[in-house]
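Input: a single structure, listed below in structure tokens.
The values are calculated or read from the model by the stated rules, or taken from the named source; none is laboratory data. Bear in mind the structure is a predicted one, so any value in this text is a computation, not a measurement. Using ideal geometry, Cβ is built from the backbone for each residue, glycine included, and neighbour counts are taken over all protein chains shown. Please note that ligands, DNA and RNA were not included when accessible areas were found on the heavy atoms of the full protein model with its side chains. Shrake-Rupley method; radii C 1.70, N 1.55, O 1.52, S 1.80 Å.
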Amino acid sequence: MTDLSVNLPGLPLQNPVMPASGCFGFGREYRDFYDLSQLGAVVMKAATSQPSCGNRTPRVAETASGMLNAIGLQNPGVKKIIADELPFLAQYDVPVLANVAGSTADEYVSVASAFNETKAVNALELNISCPNVKEGGIQFGTDPDMAAELTAKVKAVSNHPVYVKLSPNVSDIVALAKSVEKAGADGLSLINTVTGVQIDLDGRRPLLANQTGGLSGPAIKPVAIRMVYEVKQHVSIPIIGMGGIATAEDVLEFLLAGASAVAVGTANFQNPYSCPEIIANLPRVLQHYGFNSVTGAIGKGHAT
Amino acid sequence: MTDLSVNLPGLPLQNPVMPASGCFGFGREYRDFYDLSQLGAVVMKAATSQPSCGNRTPRVAETASGMLNAIGLQNPGVKKIIADELPFLAQYDVPVLANVAGSTADEYVSVASAFNETKAVNALELNISCPNVKEGGIQFGTDPDMAAELTAKVKAVSNHPVYVKLSPNVSDIVALAKSVEKAGADGLSLINTVTGVQIDLDGRRPLLANQTGGLSGPAIKPVAIRMVYEVKQHVSIPIIGMGGIATAEDVLEFLLAGASAVAVGTANFQNPYSCPEIIANLPRVLQHYGFNSVTGAIGKGHAT
Amino acid sequence: MKHVDMIVKSVRPIALDTYEMCLQNDYIANMAQPGQFLHLLVDGHTLRRPLSIANTDLVAGMVTILFKTTGDGTRRLAAYMPGARLDVLGPAGNGFHRRSETIKTALLIGGGIGVPPLYFLGKDLQKKGVHVTAVLGFQSNAHIFYEQMFRQLGKTYIVTNDGSYGGHGLVTDALDQVGAIDHYFACGPVPMLRAVTQELGSQAGSISLEERMGCGIGACFACVIPSHNDSGYRKICRDGPVFPAGEVVL
Amino acid sequence: MKHVDMIVKSVRPIALDTYEMCLQNDYIANMAQPGQFLHLLVDGHTLRRPLSIANTDLVAGMVTILFKTTGDGTRRLAAYMPGARLDVLGPAGNGFHRRSETIKTALLIGGGIGVPPLYFLGKDLQKKGVHVTAVLGFQSNAHIFYEQMFRQLGKTYIVTNDGSYGGHGLVTDALDQVGAIDHYFACGPVPMLRAVTQELGSQAGSISLEERMGCGIGACFACVIPSHNDSGYRKICRDGPVFPAGEVVL
Ligand SMILES: Cc1cc2nc3c(=O)[nH]c(=O)nc-3n(C[C@H](O)[C@H](O)[C@H](O)COP(=O)(O)OP(=O)(O)OC[C@H]3O[C@@H](n4cnc5c(N)ncnc54)[C@H](O)[C@@H]3O)c2cc1C
Ligand SMILES: Cc1cc2nc3c(=O)[nH]c(=O)nc-3n(C[C@H](O)[C@H](O)[C@H](O)COP(=O)(O)OP(=O)(O)OC[C@H]3O[C@@H](n4cnc5c(N)ncnc54)[C@H](O)[C@@H]3O)c2cc1C
Ligand SMILES: Cc1cc2nc3c(=O)[nH]c(=O)nc-3n(C[C@H](O)[C@H](O)[C@H](O)COP(=O)(O)O)c2cc1C
Ligand SMILES: Cc1cc2nc3c(=O)[nH]c(=O)nc-3n(C[C@H](O)[C@H](O)[C@H](O)COP(=O)(O)O)c2cc1C
Ligand code: FES
Ligand code: FES
């Protein structure tokens, strides 16, 4: 028997695989394909304090082994998410992470506080790394001091464990990770998308209405693995790894690099069964590479 | 007739396509495939002041739509390059850029000075962005002040135009670009490789002996286009764009984003005829999208 | 909607840069409603391609798609050989709402590669006893496809942008030749839909929209369009691609 | 070396996870020297795969490669159908240096997937009148291939790691059964080559090496190995893959 379980702050995971924020809506659509209780956890689309419309279309473009998106945090607002979406997810026996976004520190705090009301959320994922909004978001993700301050503020009000989701678009990911760890983060999510642009040759302008977008998918996996690998050497809080995961082998690569759990984003679009298929394959892959459990593989890719 | 020529400081280019540094050695191997005079220019492998052995092997790994490399600046040293390699390149009617590397400012200065001796070099490409050496290189590439200081020092001694090659592994590429422009750079090369890691599942350690490597190839094109696009809005010196170019359409995308010329790296490995094929296809592609010249397309992808 | 394999039975060019592909899968053939689409995975690509269902054959379990080769995905698709398997999500989206009690005469308005779903719809309407007229616009003579097929459904007006066949101009230039109708069904580029809905004013109608998609199932918010009512954005992949004319902001 | 298309003529499994593929191309068949390799582009991959030439047929213009499916590239290669075209750079690298004036008896030492180039070499040596002996090591009985082919070249010793066939152990365990030789030719994993060169000490020999490659033509410095003389690193793709035993640091 291969033990897939892993225990993270607020998240008793039966397996380490969860759909990534923004790539799974609030779960309703994937319910048509499989039972969501199979998942390790579910990460919801980003919540802001007020309903947000997001950016103009086109919002996605395809790239080599990846895609760009500039959805821009479209969501019905935290109140509606709590009222309409969480009861749906609560039907399933699966932990829920709420992805928290905002354009000011106050907004992050208010969204985080709003989630205090509900038991249907197990942890927060503080999204200080969304490249697709004009204000906030990304600034908090590039300045270690601002990131720490925000983390501390959210920790102060929230009764949920807080995972801080970092941006890869920085010179020094380790500085950011250490900074938010010190500020009280319970865990890290690595990585959000890499900022990119595609130019429409016919239109002679960026294809995305927002001009820039976030690159995701297998193209960015080496960048994600690098950041998990580097950060792991400098922090002791758990890391949820993501970026380009499409197979159980990819999951093991993240575990070896130092992730304690993983999120799957873009792969859901290519194959709606990605998450359950990866979970089904994981025991075989772990065994093949000599592991009996997920926890046994975490961080084992570091030269000793 | 489509006019492919473009005039850059020190580089009267008959066409905008040159092989990227490190992906073409010193040209000898590709001579077996085609006449190097067809190229817009040739960029040589990085030169250091002393012969350098580079990193241990494995030095390359494959990734989705890309590759990682950690060659580590192996080269015979600037003296031997001038003595043995430049005479070979001088046989061809093609401008040559010398890629200059070092681990200290003094080393950069001494390599740059050494190239003063020869007329076979048309311009320097200051490599402050190599992710694969332990010292120097990358630090100069992430700190705008250090980058500016180094640029000024090299400009002070060199009698060649200086293109500064920037690293994408930074929070703020525009700050770096502006800083080196102010310090006297004649042009910019964008981008060097994106730092990445691949873990060998069997070996349970990073596959590359150097652990981290530089990601190149189509996977990074959106990142490169983004940086060219952003930098173009803030500098007036010309940009040599690179990162994932494999087709003439890719070249046009870089031109529209704001590059005045381009370099082709990884694509040479997949198809040794990449550069001449791209050059041959460029007139048709320019015409198809309504351009009569390369210069007519530069920067035309910016929303007006 | 299911995740299925479909077997390529045939691929053939039917107009300039335009192909007809027949795919075998009983489930899709039986479930498909006019206006729905297939979300197809083409080898070597990250994102699926949405392509409308243009016809079905229930007996043979066959589904027809018609597509223009506008990029690498559709070009590769056109190169698939009979026997190849295609990874498909479908039938996706909501089809055209058509109540035969209230609709006795229908007008199909198609522009270019918006024409395919209208053929499937027209066949279905004809079967339901609805009187069908079609106005189809193409770039030029070389781009025209399925003309005879539409003529078997009802009176068909063809216009071309360059006047190389049929009427010269846009589909809107031909609308005044059509008599009274109960409902129109339009599919084509947004500027065409904008012109059509304006021209036909308060006339009841349905329009089918296109947008770049991420998931194709409603989870990613890539394919949204603002709506006139207070529900905010609608998702083209899940709430559409067909909307009542006037519901969304074009 | 040229950039050519080769046509797949056949692919068949010859041992556990091991395939034989025959490729047609007159130029490569005629130019190939034992020890040289093909640098093959497999669809969907950025980097080419180096695979040794295991046999040629000058009349039919055929080249044989033998490969183990160790990753996605070789797995995809094994799935190519006859008639498919492969984009190849070759023949690449320098072959085994073999002067028949000085070499009258030769020993071939192959480990696993290092065996293929030795078959081509053995055939060539035999043709030149050289007396050939082979020592081949495999993981297990199920991994053995080309045994009969080697036996036609000369006396052949087989060892398996698990003793499931032939001698039990490593190729080095069988070397003492071989009589005097003029030259040995070894190809296999580095630990094997290290053991062999140590065991055979000052005996003249040639070894063929593997390393991960970028360009495969000498331009990128990916595939280097330190040498004992002052020329520093040698490139396996261009200066090798064959080196005189003792020239490079294993
Ligand atoms: C609901 C729906 C039904 C459609 N039905 C048909 C049809 O029956 N026949 C037909 O020829 N075309 C149809 N289209 C358009 C078709 O999806 C695109 O032409 C196709 O995706 C282009 O793919 P490509 O790889 O050739 O082009 P590329 O430009 O290389 O594609 C790059 C990316 O952009 C997307 N994209 C490009 N153009 C469009 C577009 N117009 N709409 C949506 N996504 C696009 C692609 O899916 C892909 O993700 C439909 C689109 C939608 C949304
Ligand atoms: C000169 C030379 C001759 C070779 N001859 C043969 C042969 O005749 N038969 C055979 O089965 N194998 C041979 N190999 C090894 C063969 O190249 C690898 O097994 C193959 O490249 C693996 O590709 P993959 O996609 O299946 O594996 P993956 O592990 O998915 O490949 C990932 C990357 O690593 C490279 N790589 C992985 N293993 C090796 C290796 N051992 N050597 C070099 N690159 C590697 C791949 O080329 C690719 O770039 C030879 C290698 C060299 C250098
Ligand atoms: C369409 C789309 C929407 C996303 N929305 C969010 C979001 O709302 N909040 C967030 O933290 N990350 C968001 N992300 C980032 C993903 O959660 C994930 O970090 C990233 O895509 C990398 O993983 P992948 O390569 O598996 O997709 C989004 C990604 C995509 C592709
Ligand atoms: C094997 C390899 C070696 C490289 N060596 C150098 C180098 O010596 N100096 C340098 O400035 N860039 C070097 N680069 C970076 C390339 O010049 C180029 O900036 C990068 O690869 C992006 O372009 P591409 O995607 O077309 O390869 C190297 C890249 C590769 C793949
Ligand atoms: S494509 Fe994802 S919501 Fe429509
Ligand atoms: S693989 Fe590039 S030098 Fe050998």
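What lysines could a cross-link reach from residue C:2, if we take a straight Cα to Cα line under 26 Å and drop same-chain neighbours fewer than 8 places away?
A:45, C:68, C:123, C:235
Can you compute the helix-only [θ] at 222 nm over chain B? Use -39500 (n - 2.57) per DSSP H run of at least 4 residues, normalise by all residues, nearest 500 deg cm²/dmol.
Counting only the DSSP helices, I get -8500 deg cm²/dmol.
7 Å along Cα→Cβ for the label point: how many nanometres lie between residue B:5 and each equivalent label in the other copies, listed shortest first?
Between copies, matching label points for residue B:5 lie 7.5 nm apart.
Tell me, which residues of segment A:259-304 get at least 20 Å² less accessible area when the other protein chains come in, versus the chain alone (1.4 Å probe)?
A:269, A:270, A:272, A:273, A:289, A:291, A:300, A:301, A:303
When the Kirkwood hydrodynamic radius is evaluated over all pairs of different C-alpha atoms of the protein assembly as shown, what value in angstrom, to one decimal, is obtained?
In the protein assembly as shown this quantity evaluates to 31.6 Å.
Using a probe radius of 1.4 Å on protein heavy atoms only, what is the accessible area buried between chains C and A, both sides summed, to the nearest 100 Å²?
Summing both chains' loss of accessible area gives about 2300 Å².
Determine the gain in length on full extension of the stretch residue A:37-residue A:200; use 0.36 nm per residue of separation and subtract their C-alpha separation, reporting nm with one decimal.
The residue A:37-residue A:200 span can extend by a further 54.6 nm.
Evaluate the relative contact order of segment C:2-92 (contact order divided by residue number), counting alpha-carbon pairs under 8 angstrom at least 6 apart; express in whole percent.
Relative CO of segment C:2-92 lands at 41 percent.
When all alpha-carbon pairs of segment C:100-210 are counted, what percent fall beyond 16 Å?
Value for segment C:100-210 (Cα pairs over 16 Å): 53 percent.
Have a look at segment A:188-304 and give its Rg and Dmax from the Cα atoms, expressed in angstrom.
Cα radius of gyration and Dmax of segment A:188-304 are 16.2, 54 Å respectively.
Run through the DSSP bridge list for chain A and note the antiparallel percent, rounded to the nearest 5.
Close to 40 percent.
At 1.4 Å probe size, with every protein chain present, just tell me what the per residue accessible area of segment D:2-92 comes to in Å².
On a per-residue basis, 39 Å².
Among DSSP beta bridges lying fully in the protein assembly as shown, give the percent that are antiparallel, nearest 5.
Antiparallel bridges: around 50 percent, rounded to the nearest 5.
Sequence-distant or interchain residues sharing an amide H contact under 5 Å with residue C:156, placed H: which?
HN-HN under 5 Å from residue C:156: C:134.
Treating the point 7 Å from Cα along Cα-beta-carbon as the label, what are the nm separations from residue A:236 to the other copies, to one decimal?
Label-point separations across copies, in nm and ascending: 5.6.
Carbon and sulfur together cover what percent of the accessible area of segment C:100-210 at a 1.4 Å probe radius?
51 percent
So if the hydrodynamic radius of segment D:156-250 is defined as the Kirkwood radius over C-alpha pairs, what does Stokes-Einstein give as its diffusion coefficient at 25 °C and 0.890 mPa s, in µm² per second?
The diffusion coefficient I find is 169 µm²/s.
Report the B-A buried area as the accessible area lost on both sides summed, probe 1.4 Å, in Å² to the nearest 100.
3400 Å²
Apply the a/c threshold of 1.5 to the C-alpha gyration tensor of chain B and tell me whether it is rounded, prolate or oblate.
It comes out rounded by the Cα gyration axes.
Once ligands and nucleic acids are excluded and a 1.4 Å probe is used, how much of residue A:295 is accessible, expressed in Å² to the nearest 10?
Accessible area, nearest 10 Å²: 70 Å².
Amide H to amide H under 5 Å from residue B:242: which residues, 5+ apart in sequence or cross-chain, H placed 1.01 Å off N in plane?
It is B:190, B:191, B:263, by chain and number.
Tabulate in residue order the Karplus-calculated ³J(HN,Hα) for segment A:53-58, using 6.51 cos²θ - 1.76 cosθ + 1.60 with θ = phi - 60°, rounded to whole Hz; enter x for Gly and Pro.
Listing the rounded values in order: 8, x, 8, 6, 8, x Hz.
Ordered shortest first, which distances in nm separate the 7 Å Cα→C-beta label point of residue A:281 from those of the other copies?
Spacings between copies for this position, smallest first, are 3.1 nm.
Might you work out the accessible area of residue C:165 for me, using a 1.4 Å probe with all protein chains in place, and round it to the nearest 10 Å²?
80 Å²
Within a Cβ distance under 13 Å of residue B:186, other residues only, what is the Lys/Arg minus Asp/Glu net charge?
Here the count lands on +1.
Tell me, what HN-Hα J-couplings in whole Hz come from the Karplus equation 6.51 cos²θ - 1.76 cosθ + 1.60 at θ = phi - 60° for each residue of segment C:36-52, using x for Gly and Pro?
Running phi through 6.51 cos²θ - 1.76 cosθ + 1.60 with θ = phi - 60° gives 7, 10, 9, 10, 9, 9, 9, 3, x, 10, 6, 9, 6, 10, x, 9, 5 Hz.
Could I have the simple spin-label model distance between residue D:151 and residue C:190, label points 7 Å from Cα toward Cβ, reported in nm to one decimal?
Taking the simple label geometry, residue D:151 and residue C:190 are separated by 7.4 nm.
Each residue of segment D:125-137 in order: what ³J(HN,Hα) in whole Hz does its phi give by Karplus 6.51 cos²θ - 1.76 cosθ + 1.60, θ = phi - 60°, with x for Gly and Pro?
In residue order, the calculated couplings are 5, 4, 4, 7, x, 7, 7, 10, 10, 10, 10, 10, x Hz.
Using only alpha carbon positions, build the gyration tensor of segment A:10-142, then give the equivalent ellipsoid semi-axes as the square roots of 5 times its eigenvalues, largest first, whole angstrom.
Semi-axes from the Cα gyration tensor: 23, 19, 14 Å.
Summing +1 for each Lys or Arg and -1 for each Asp or Glu, what net charge is found among the other residues whose Cβ lies under 14 Å from the Cβ of residue A:36?
Net local charge, residue A:36 excluded: -3.
So what does residue C:140 come to for accessible area, using a 1.4 Å probe and Å² rounded to 10?
For residue C:140, the solvent-accessible surface is approximately 20 Å².
Which residue, D:135, D:59, D:11, tops the fluctuation ranking in a GNM of chain D built on C-alpha contacts under 10 Å?
Greatest mean-square fluctuation among the candidates belongs to D:59.
Shape call for segment A:198-258 from the C-alpha gyration tensor, a ≥ b ≥ c root eigenvalues: rounded (a/c under 1.5), prolate (a/b greater than b/c) or oblate?
Because a/c hits 1.5 or more and a/b exceeds b/c, segment A:198-258 counts as prolate.
Leaving ligands, DNA and RNA out of it, report the carbon-plus-sulfur percent of the accessible area of chain B at a 1.4 Å probe.
Answer for chain B: carbon and sulfur cover 48 percent of the accessible area.
For residue A:182, which lysines qualify as cross-link partners when the Cα separation must be under 24 Å and same-chain residues fewer than eight apart are set aside?
In chain and number order, the partners are A:153, A:155, A:165, A:232.
Can you pull the three principal axis extents for the Cα set of segment C:2-92, in Å, largest first?
30, 28, 25
P(r) tail for chain D, what percent of Cα pairs lie past 32 Å?
Taking all Cα-Cα pairs of chain D, the fraction more than 32 Å apart is 16 percent.
Can you tell which of D:235, D:123, D:104 shows the greatest fluctuation in a Gaussian network model of chain D with Cα springs below 10 Å?
Maximum among the listed residues: D:104.
Using a Cα-Cα cut-off of under 14 Å, which aspartates and glutamates could be cross-linked to residue C:9, ignoring same-chain neighbours fewer than 8 residues away?
Reachable aspartates and glutamates: C:20, C:26, C:57.
Hey, which residue of C has the C-beta nearest the axis mapping C onto D, and what's the distance in Å?
Here the nearest residue and distance are C:44, 3.
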